[in-house]
Amino acid sequence: MNFSEVFKLSSLLCKFSPDGKYLASCVQYRLVVRDVNTLQILQLYTCLDQIQHIEWSADSLFILCAMYKRGLVQVWSLEQPEWHCKIDEGSAGLVASCWSPDGRHILNTTEFHLRITVWSLCTKSISYIKYPKACLQGITFTRNGRYMALAERRDCKDYVSIFVCSDWQLLRHFDTDTQDLTGIEWAPNGCVLAVWDTCLEYKILLYSLDGRLLSAYSAYEWSLGIKSVAWSPSSQFLAVGSYDGKVRILNHVTWKMITEFGHPATINNPKTVVYKEAQKSPQLGLGCLSFPPPGAGAGPLPSSESKYEIASVPVSLQTLKPVTDRANPKIGIGMLAFSPDSYFLATRNGDFAVLSLCWHLSGDSMALLSKDHVCLCFLETEAAVSTACRQLGGRT
Amino acid sequence: MGDWMTVTDRGLSSESKTISQYTSEIKMSPSSLYSQQVLCSSIPLSKNVHSFFSAFCTEDNIEQSVSYLDQELTTFGFPSLYEESKGKETKRELNIVAVLNCMNELLVLQRKNLLAQENVETQNLKLGSDMDHLQSCYSKLKEQLETSRREMIGLQERDRQLQCKNRNLHQLLKNEKDEVQKLQNIIASRATQYNHDMKRKEREYNKLKERLHQLVMNKKDKKIAMDILNYVGRADGKRGSWRTGKTEARNEDEMYKILLNDYEYRQKQILMENAELKKVLQQMKKEMISLLSPQKKKPRERVDDSTGTVISDVEEDAGELSRESMWDLSCETVREQLTNSIRKQWRILKSHVEKLDNQVSKVHLEGFNDEDVISRQDHEQETEKLELEIQQCKEMIKTQQQLLQQQLATACDDDTTSLLRDCYLLEEKERLKEEWSLFKEQKKNFERERRSFTEAAIRLGLERKAFEEERASWLKQQFLNMTTFDHQNSENVKLFSAFSGSSDWDNLTVHSRQPQKKPHSVSNGSPVCMSKLTKSLPASPSTSDFCQTRSCISEHSSINVLNITPEEIKPNQVGGECTNQKWSVASRPGSQEGCYSGCSLTYTNSHVEKDDLP
């Protein structure tokens, strides 16, 4: 595995363009655009303040740079480097900023989630959306880019509004039966919207595109509930990971649970393959990886090279018991990722230090990222991990 | 006998201590003395027998002792010892008979008593042992009873303790449940409380937000603006449109269209899946039926309800199959029928398999009672028999092969074998040889004939030539004769020209004639000539001869045409058939006789025309 030279980066802002040709990275207040193949710098833009967020437009023509402290958003064009656009929210402040799917509108969330301002680059017009909900995932776009669902809260009740992205017409507006909505997500086929409640209550609701409630699912009461939700790419399954360390899969026909996967502390099943990182030097922390189906992430091991060996069952996984008197405990399924062919589901349970899981589009490999390490896993066609190699990358 | 000797205090001298002992003991009534003495040892001590016997009666007191004995015996009921006294004053005489009788009686009595004593003693012993045994049993049982009582008490105690524990646990469980319920209630109440508080805070927060919003909006901050160099075109390149009712309706339509498409797609998938599953089910059903139906034909199969149902089911299901395939819809009844029939078949199959299992287990356990099952031994015997048969057959085949080999690969040095080698084919060979000889003969004949024919043909040709020459000369003569009177020169010239060009004229006429079957002019004389010619020829229809005759005729006809009107050719007597084939054959210039080839070539057309000959 070859690595390129190390480039400077600030705030972990580094994004590939959607068409895969360019790589944008930020260094302080500068935006650097490189060519993916040669890594030569193609463009260099200077913003007015330290950039906190960058995002490519869907057609890879524009990049938006958001500076929350100053309430500014600057948009740069790749085609015409001299083109500039600056959006100033002024005293309203800026908390979040994102593109619309057509790449011509910018949605800015003002401070305290007072409103969402929709700026149009085509017409220089402004639209306001009031009462957006301050939650983790309040805005979601359908994959075909036609509709946007927005979580709102008025008078202590949660609502969902569905907008048509082409002309920002409000298509549907309905209330949800949730206590405190935490997230919404469209299914990949764009016909079903999953809405889930706060972790104090295990409830996930499924709404059709036209606002009808299709189904509600709740696995248990009283304990901490849903932590993460993921749709399968074929829209057939909805994986719900909860604080009790289990993933429950719902099917799209009846919206009932078809199976649940547990994450026991001791793995006894002889069919499970457990990959354990072999210690080269006596260091703290030992990670292990197991397939299939749910996998726990590898822990960090500050040695330059290490290899994985298959551990024999039974294997007991090291887990740290989290303190129970604090909010947002580090237990439960924090991360879910379906493989592109919907065959596999990768999950992270507990406080394993995996920061991100992502699958390759072909579906035979997966990358795990921790704070200091990256681990690539390859799948053989018979669903066995053939090799797993790890390398230490510098802090990038 | 001396044991019952009562020694009264008559002053008998106690010479032995034993006697004195006895005397000391015997200061009682005689009956009791008697019984006592019975209890004591019955056998007197041998030492003191004599003294015993002599202690009672001595020579001095005979009378007294007799009278005493008499008294005693009479009191016991024995007859008196004395004789019948005659008078009162005379001394009574001892009745010896009575004495002896008394003695005997006494002996008998003594024996009886001894026996009785023995019996009583044995009985006594027995009873004593029984008593001991019973006592020991009794003591054992008492012990047992004690121990069991103790055990029972212990168990009761334990039972009590366990029941106590059970009750405690139940109590604890109830407590826990109550606590859980309580906690849940607490949680619920706290949740409502929190919600209420949250709502309150949120309302406050909203109010603040509203206020802030107002302030922000009111401020009319010039800074809230977008500074853009130039407008960017829309992503799809079209112009923006106003938002009207129509666009709204269009959006709604699009949304519904998307939803409907999705539903249709999913329904299609589900229908496909359904169809596949139905197919699988039907296939399964068919296979199950086929699995079960061959069982009916086996004669060993016990005819009971199951087979009866199988038959009926098969018929039913066959009908159902046809119905289902006809309909092939997803209506309720068809679905139900399918599932019901599959369930039925499955049940039958299951029962059948269970039966088979039972049979197998029965065979293992009970042996060969079951008729339907071939016992393993029989099976093995059969297989052994079959193997033997196979071996025998193989051996037979081997021997036969060997014999055959012998037959075929016989040794070469034997004359008879060499002669015999072709014995089977000898007859055929002979026949073949005969035929060959025949054939050869025939060939020779044919050769001869051919030669003769060719000779004849040659002769004929020569004769013809000669004849032609003769004719020519004759004709010349005639012409000369004819034309010498009138126009000598011109006719000569004509004739000459006609003649010289006779072949040419022939050719001309030949060519001018149409190649069709037309009656040709032949002189009357020609048939005669023909017949002559033909008679000279053999009757075999050789093609070359044909050519010859034809050429003759044509020449004839060509010459005669000058002065003779066309007439029909009579059919000549030349044998053979005249067919196109022959003509075509004739047209081939491959005839063996070279001198005729030219004729045949030039007169092919004429030949063609003259094929009305038979």
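May I ask you to list the GluC sites (Glu not before Pro) in segment A:57-123 that are in a DSSP loop and have at most 12 other Cβ atoms within 10 Å of their Cβ? Here the sparse-neighbourhood loop sites are A:Glu79, A:Glu82. Counting heavy atoms of the protein chains alone, B:Arg266 has an accessible area of about 50 Å² for a 1.4 Å probe. Across the options A:Val118, A:Ser77, A:Gln43, the greatest Cα extent toward the positive end of the charge dipole of segment A:4-126 (unit charges at beta carbon of Lys, Arg, Asp, Glu) belongs to A:Val118. Considering only A:Ile54, A:Ser316, A:Gly138, the residue lying farthest towards the positive end of the dipole of chain A is A:Ser316, judged by Cα position with unit charges set on Cβ. Would you mind checking the pairs A:Lys69/A:Lys227; A:Lys130/B:Lys201; A:Lys86/A:Lys130; A:Lys307/A:Lys330 and listing those with alpha carbons more than 25 angstrom apart? The pairs that break the limit, which is 25 Å between Cα atoms, are A:Lys69/A:Lys227; A:Lys307/A:Lys330.
When nucleic acids and ligands are ignored and a 1.4 Å probe is applied, B:Val280 ends up with an accessible area of around 80 Å². Expressed as a whole percentage, what fraction of the accessible surface of segment A:329-370 belongs to carbon and sulfur atoms when a 1.4 Å probe is rolled over the protein heavy atoms? Within segment A:329-370, the accessible surface is 61 percent carbon and sulfur. Residues of segment A:72-117 buried by at least 40 Å² of accessible area upon assembly of all protein chains, compared with the chain on its own (1.4 Å probe): A:Trp83, A:His84, A:Lys86, A:Asp88, A:Ser91, A:Arg104, A:Phe112, A:Leu114, A:Arg115. Close amide-amide hydrogen proximity is noted between A:Ser215 and A:Leu206, each under 5 Å apart and 5 or more residues distant or on a separate chain (H modeled in the peptide plane; Pro and chain starts excluded).
Along the Cα-to-C-beta direction of A:Cys156, a point sits 7 Å from the Cα; which residues of segment A:170-199 have their amide N less than 14 Å from that point? Counting only backbone N, you get A:179-180.
Legend: distances between Cα atoms for A:Lys157/B:Lys199; A:Lys133/B:Lys207; A:Lys157/B:Lys207; B:Lys362/B:Lys385; B:Lys278/B:Lys344; pairs beyond 18 Å are B:Lys362/B:Lys385. Quick check: Cα centre of segment A:36-89 to Cα centre of segment A:124-144, how many Å? First find each Cα centre; the distance between them is then 21 Å.
Here segment A:8-139 exposes an accessible surface that is 53 percent carbon and sulfur, computed with a 1.4 Å probe and the other protein chains kept in place.
For segment A:160-190, accessible area lost to neighbouring protein chains reaches 10 Å² or more, against the chain alone with a 1.4 Å probe, at A:Val164, A:Ser166, A:Asp167, A:Trp168, A:Gln169, A:Leu171, A:Arg172, A:Gln179, A:Asp180, A:Asn189. Write out the trypsin sites (Lys or Arg not before Pro) in segment B:89-197 meeting two conditions: DSSP loop, and at most 13 other Cβ atoms within 10 Å of their Cβ. Sparse-neighbourhood loop trypsin sites (Lys or Arg not before Pro): B:Lys91. Scaling the Cα radius of gyration of chain A by the globular reference 2.2 N^0.38 Å produces a ratio of 1.04. Taking 0.36 nm per residue of separation and subtracting the current Cα-Cα distance, fully stretching the chain between B:Arg111 and B:Asp178 would add 14.3 nm.
For segment B:125-166, rounded, prolate or oblate, judged on the Cα gyration tensor with a ≥ b ≥ c (square roots of eigenvalues), a/c < 1.5 rounded, else prolate if a/b > b/c? The shape class here is prolate. About the centre of its Cα atoms, segment B:125-247 shows a dipole size close to 1860 debye [charges on the beta carbon of Lys, Arg (+1) and Asp, Glu (-1) only; nearest 20 debye]. Measuring only protein heavy atoms, the 1.4 Å probe finds B:Asp60 accessible over about 140 Å². Here the average projected area of the convex hull drawn through the C-alpha atoms of segment B:56-168 stands at 13.4 nm². In this simple spin-label model, placing a label point 7 Å from the Cα along the Cα-to-Cβ direction at both B:Ala188 and B:His170 gives a separation of 2.7 nm.
Carbon and sulfur: what percent of segment B:122-200's accessible surface (1.4 Å probe)?
Heavy-atom surface of segment B:122-200 belonging to carbon and sulfur, 1.4 Å probe: 57 percent.
For segment A:116-157, the residues whose backbone nitrogen is under 15 Å from a point 7 Å from the Cα of A:Gln169, taken along Cα to Cβ, are A:146-148.
The mean accessible area for residues of segment A:144-278, using a 1.4 Å probe and ignoring ligands and nucleic acids, is 37 Å² per residue. Using Cβ point charges alone (K and R +1, D and E -1), the dipole size of chain A about the Cα centre works out to roughly 460 debye. Chain B against chain A buries an accessible area of about 4400 Å², both chains summed, 1.4 Å probe radius.
The values are calculated or read from the model by the stated rules, or taken from the named source; none is laboratory data. Bear in mind that the values here come from a model prediction, so they are computed numbers and not experimental data. For neighbour counting, all protein chains shown are included, and Cβ atoms are generated from backbone atoms with ideal geometry for every residue, glycine included. Ligands, DNA and RNA are excluded from the accessible area calculation, which covers all protein heavy atoms including side chains. Shrake-Rupley method; radii C 1.70, N 1.55, O 1.52, S 1.80 Å.
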